[in-house]
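The values are calculated or read from the model by the stated rules, or taken from the named source; none is laboratory data. On a predicted model such as this, the values are computed, not experimentally measured, just so you know. As a convention, Cβ positions derive from the backbone with ideal geometry for all residues, glycine included, and neighbour counts pool all protein chains shown.
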Amino acid sequence: METTEIKLVPLQQDDRELFILDNQWAFKYGAQQEFGMRDERCEEGEEVISRSTIEHSIDGENAEVYRIVMDGHKVGGVVLSIDKEAGKGELELLFVSPEYHSKGIGQAAWKAVETMHPEIRVWETLTPYFEKRNIHFYVNRCGFRIVEFWNKYQHGPAIPEEEEGHWSEDDEMFVFRKEV
């Protein structure tokens, strides 16, 4: 099923709390679909992605934060980190509320991101190894390639001090790259 009209609307301060909660619900839903109701992959209490991880992305130096809006309804969100000088962008977070899955919203939102940032030549993002929907989405729908697998033997670049609480050597993530 295809979407009607997708817009990326800058996040308003009064929507910040709901944006965080919606993001946590979308990530938790994905883990529950894969592993059931209780899973040890939670960062904070019952959350798959912690409030501090989301806030760190939202408040990043080069962050751009958008609500995904379809027909006037908030259906997801996007957090980007943009380095215009280097022509590099990171897709920090992209989520679609579970009740709106499989409607082409994520793909339409990603196309809108690329249209907004034609100066970006290389995009990167990460997703947990268990998120089969995300892996399918990034590779088959958006044109990313898997370029690395972080695990306890290979965990990417050195972890900055401010990120130490967000990563462990047991995290297993795919790194995706798209060259435009």
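Some notes on this structure:
- Applying a threshold of 8 Å to beta carbon distances and a minimum spacing of six or more residues, or different chains, the list of pairs starting in region 49-66 at a residue that is closer than 12 Å to GLY77 by Cβ and ending at one that is among the hydrophobic types (A, V, I, L, M, F, W, C) and assigned to a loop (DSSP other than H, G, I, E, B) reads ILE58/LEU11; VAL65/LEU11; TYR66/LEU11.
- Selected residue (only one of VAL175, VAL139 is at pLDDT 95 or above, surrounded by 14 or more Cβ atoms within 10 Å (Cβ to Cβ) and touching a Phe, Trp or Tyr at 6+ places or on another chain (Cβ under 8 Å)): VAL139
- Hits in region 142-158 - residues which are at pLDDT 90 or above and among the aliphatic types (A, V, I, L, M): ILE146, VAL147
- Residues being of a type in the set (D, E, K, R), assigned to a helix (DSSP H, G or I) and touching a residue at least 12 places away in the same chain (Cβ under 8 Å) - total across region 79-113: 0
- Considering the conditions (1) modelled with pLDDT under 95; (2) small (Gly, Ala, Ser); (3) in contact with a helix residue (DSSP H, G or I) (Cβ under 6 Å, 6 or more places away or on another chain), GLY72 is excluded by exactly one of them, (3).
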